[in-house]
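The values are calculated or read from the model by the stated rules, or taken from the named source; none is laboratory data. All values derive from a computational prediction rather than experimental measurement. A quick note on method: Cβ atoms are made from the backbone with ideal geometry, for glycine too, and the neighbour counts reach across all protein chains shown.
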Amino acid sequence: MATAVLPQKRVLGESRNHQNVPSTPSSVKKRKTEPFTSSPAARFTSSQNNNHLKLGSSQPKSVFESEVLEKLSQDISSLKQSNAEKDQSWERPPVEDFVPERDSLCFQSIEAEEGTLHGGRATVKLFGVNDRGNSVMLHVTDFKHYLYVPAPQSFQPKDCLAFKTFLDSKIGLPQQTIHAVAMTNREDIYGFRGNKPSPYLKVTVTDPKHIHKVRTAFETGEANWKGLWNGAVDGIKTYDNIQYVLRFMVDCKIQGMSWVEAPAKSYKLIEHGRQSNCQIEAEVSYIDLIAHKPEGEWARIAPLRTLSFDIECCGRKGIFPEANHDPVIQIANIVTKYGEKKPFVRNVFCLDTTSSIVATHILEFEKEEMLLSEWQKFLVKVDPDVITGYNIANFDMPYLIDRAKHLKVHGFEYWTRIPTEPSIHRDKNLNSKQMGNRDTKSTNINGRLQLDLLQLIQRDHHLRSYTLNSVSAHFLGEQKEDVHYTMITELFNGTPESRRRLALYCLKDAYLPQRLMEKLSCLENYTEMARVTGVPFNFLLSRGQQIKFVSQLFRKALEQKLVIPNIQSKGTDEQYEGATVIEPIRAYYDVPIATLDFASLYPSIMQAHNLCYTTLVNKQAIEALSLKKDDDYIVTPNGDTFVTIKHRKGLLAQILEELLSARKQAKRELAVETDPFKKAVLNGRQLALKISANRFTV
């Protein structure tokens, strides 16, 4: 496979003369790298008035401006004629008369995270959007985290209370750690034992942060009460090691990006002591929460707001921009609403006077500090559900945060939906067999989704080059504005007209990721992948493949009362290896060549031979259960033995059967659907089902 060419964010150079641009006094000015302490406009001779939105421009229009922005301008005119100007405002629509005793609270959940409420009580915070476009945060209370351990032979239900007291003393925290200990029957997912459940202890903790201490107490042998676990020299095996939010989603049957509902009278609006800047904030017990399966009317996507942005920096020749030295001179923003083709916000935050651009709001600032501060207020006001762009994870977002910190712009880092939670970028290392070892940056934007188109395209598409220009040409047949990165400083140091040209360049760099997201159905595809696998949307790009498989495995295991052992992972140097590809024999053939292809090859093999953790059987079990070869069990080429469907249908075979069956159903619905948005969702669903089925391995 060809080595991927990774894009580097614009290395901004000194002024150069490109495309026969005549040198002028303004075009050969020294670059500006110091923070601006006076009005930049004072350094230029211009007849333009310093208005926030100027009319008219004498510069020739680019294709982007004439074919895209002017069309948007016509759309705005038609909106005005139909009295729909409200769609052009930054704010979300107001919340209608809302009464908890009368109205249910129903919304599409886009993000879930751990939280606390009322003095430290553990909750799961669900962020989302309702059908009217109002933002929602729902605190789900009362759900307790837990684990399983095999019960000793002599353990009786009456011993649970005494064992709970013992565990609390062993953990040694000042507050109560163990909420409850109960005996229950479960089966270990690993290995066939004749379909006979065994007694297990379900240990429930008062707070999810205690689960690790409790698990460690068992696995180190400290929790071996009265020595009842005979032979547990290496500790007691624990089961169901899964993080709190996923445990909650699995048990409550909530899938990623699905609709949830708190019925009328079951929830309470939070008026005082609110934790978010969402329009609606409420709390409900997990017992009362309804999770809707993403089928039929519940397969729809809420009117999510997507912000696509891009920044420009004024740099130095041959030096990659540094946040403690090089100023941010422009930030372009495109905001769209799901279900609508055209963006309802198009603006560019500009340092210094800038000539107007059709259908675009130009906001001018004399100081960089003010530009950054006002952009942060814009972000909070427009309240996007999805933030996208190209290479924003590794460049734009960290750069803005670092630059604002350098300039001491107070409050700039608050991009999240929780006013007390700042956005902080951290270095992160991603290591997977499929994609290799990658160093990247991660910035938290709690309550919002982050979709970096560069990361997404690198993950899903094999291209020769991953620059925005190459990717846009490949998928859209479009390219960036004709401005070389070495001209940026020259254009900024020029006139309002030259800065207008730079603003167009910046605006198109914000527009192209939004177009790519639409063209590649990124939101629909990843929404459906989150629904199919059951994980939160943000996990899909920030985590590897394993989490998706684990989520599906735990959901099916819960249905069948199976528990999953906590097996310590061991490091391996084994490299990712794809399937063997036999090279074709090249020649001229004068007879027809038959082409055969397996439908879902690996899933088909696993289903046909009933290969699964639950059907794997060892020699001792074969002898104890008097199993006969070929009739009761099969032997694979590498010597492993699995029981046949006669004794147990494998858990993996059942999951695969459901995935492939659901895919066929989605394709049938896709064939008759006419609505373009519903078609995109259905296509994303069938694709997610296919990918999910093909990634199952034993």
(request) State all residues of region 230-289 that are touching a Gly at 6+ places or on another chain (Cβ under 7 Å), among the small types (Gly, Ala, Ser) and in the same structural domain as THR216 (by TED's automatic domain parsing); if no residue qualifies, say none. (result) ALA232, GLY235
(request) Pairs only if they're at least six apart or on different chains, beta carbon under 8 angstrom, first in region 667-678 and farther than 11 Å from GLY339 by Cα, second β-branched (Val, Ile, Thr); list them, first residue then second. (result) none
(request) For region 486-504, indicate whether the set of residues that are without any contact (Cβ under 8 Å) to a residue 40 or more places away in the chain, charged (D, E, K, R) and assigned by TED's automatic domain parsing to the domain that holds GLY447 is non-empty. (result) no
(request) Please state which one of ARG316, ARG346 is more than 24 Å from the chain's Cα centre (by Cα), farther than 25 Å from LEU516 by Cβ, assigned by TED's automatic domain parsing to the domain that holds SER470 and among the basic types (Lys, Arg). (result) ARG316
(request) Return the total of residues in region 199-226 being touching a residue at least 24 places away in the same chain (Cβ under 8 Å) and over 31 Å from the mean Cα position of the chain (by Cα). (result) 11
(request) Mind listing whichever residues of region 471-484 are on the phi < 0 side of the Ramachandran plot and without any contact (Cβ under 8 Å) to a residue 40 or more places away in the chain? (result) ALA473, HIS474, GLU478, GLN479, LYS480, VAL483
(request) Please determine, by comparing only the residues of region 287-310 that are farther than 15 Å from GLN255 by Cα and among the acidic types (Asp, Glu), which one is farthest from the chain's Cα centre (by Cα). (result) ASP288
(message) With on the phi > 0 side of the Ramachandran plot, in a loop (DSSP other than H, G, I, E, B) and touching a residue at least 24 places away in the same chain (Cβ under 8 Å) as the only criterion, which of LYS253, LYS293, LYS317 stands out?
(response) LYS253
(request) Taking the residues in region 402-432 that are without any contact (Cβ under 8 Å) to a residue 60 or more places away in the chain, under 23 Å from GLN275 (Cβ atoms) and touching a Phe, Trp or Tyr at 6+ places or on another chain (Cβ under 8 Å) as candidates, determine which candidate is surrounded by the most Cβ atoms within 10 Å (Cβ to Cβ). (result) SER423
(request) Give me a count of the residues in region 625-646 that are over 17 Å from GLN607 (Cβ atoms) and touching a residue at least 40 places away in the same chain (Cβ under 8 Å). (result) 1
(request) Give the residues of region 271-290 that are assigned to a loop (DSSP other than H, G, I, E, B) and surrounded by fewer than 18 Cβ atoms within 10 Å (Cβ to Cβ), sorted by residue number. (result) GLU271, HIS272, GLY273, ARG274, ASN277, TYR286, ILE287, ASP288
(message) Condition first: within 18 Å of GLY389 (Cβ to Cβ) and either among the hydroxyl-bearing types (Ser, Thr, Tyr) or free of Cβ contacts under 8 Å to residues at least 12 places away in the same chain (or both). Can you find one or more residues in region 556-575 that meet it?
(response) no
(request) Return the residue satisfying two criteria in turn: it lies in region 595-612 and is in a loop (DSSP other than H, G, I, E, B) and at pLDDT 85 or above, and of such residues it is nearest to ILE645 (Cα to Cα). (result) ASN610
(request) Test VAL409 against the criterion of being assigned by TED's automatic domain parsing to the domain that holds VAL386, at pLDDT 95 or above and farther than 24 Å from LEU541 by Cβ, and give yes or no. (result) yes
